[in-house]
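Asks: Take a look at this one; I'll ask things after.
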């Protein structure tokens, strides 16, 4: 995993920073659905990511989203990248 990714329950999330908005943001990667999260600090971003994953799983269970996602291992960067 690289410094610009989060991991929670076999889901990965991107990490970006907006200097204009002074906040961190990202999206769950590897799903067929767009699920985003944001936070004003790293701690808040991690909490928002974990909550986004939990919400996504709950919505999949309700049938709102399909739970189709790529295999987590396929999302990990090659070992030579750090």
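The values are calculated or read from the model by the stated rules, or taken from the named source; none is laboratory data. Since we're looking at a predicted model, the values are computed, not measured. Backbone-built Cβ (ideal geometry, glycine too); neighbour counts: all protein chains shown.
Asks: Please work out which one of (1) assigned to a loop (DSSP other than H, G, I, E, B); (2) at pLDDT 90 or above; (3) within 14 Å of the chain's Cα centre (by Cα) is the condition residue 13 fails and give its number.
Replies: Result: residue 13 fails condition (1) only.
Asks: Please specify each residue of the range 17-50 satisfying the condition of being assigned to a helix (DSSP H, G or I) and out of contact with any strand residue (DSSP E or B) (no Cβ under 8 Å at 6 or more places or on another chain).
Replies: 43
Asks: Which ones in the range 27-82 are in contact with a helix residue (DSSP H, G or I) (Cβ under 8 Å, 6 or more places away or on another chain) and modelled with pLDDT under 85?
Replies: Just the residues of the range 27-82 that are in contact with a helix residue (DSSP H, G or I) (Cβ under 8 Å, 6 or more places away or on another chain), to begin with: 28-31, 33, 35-39, 65-67.
Matches in the range 27-82: 65, 66, 67.
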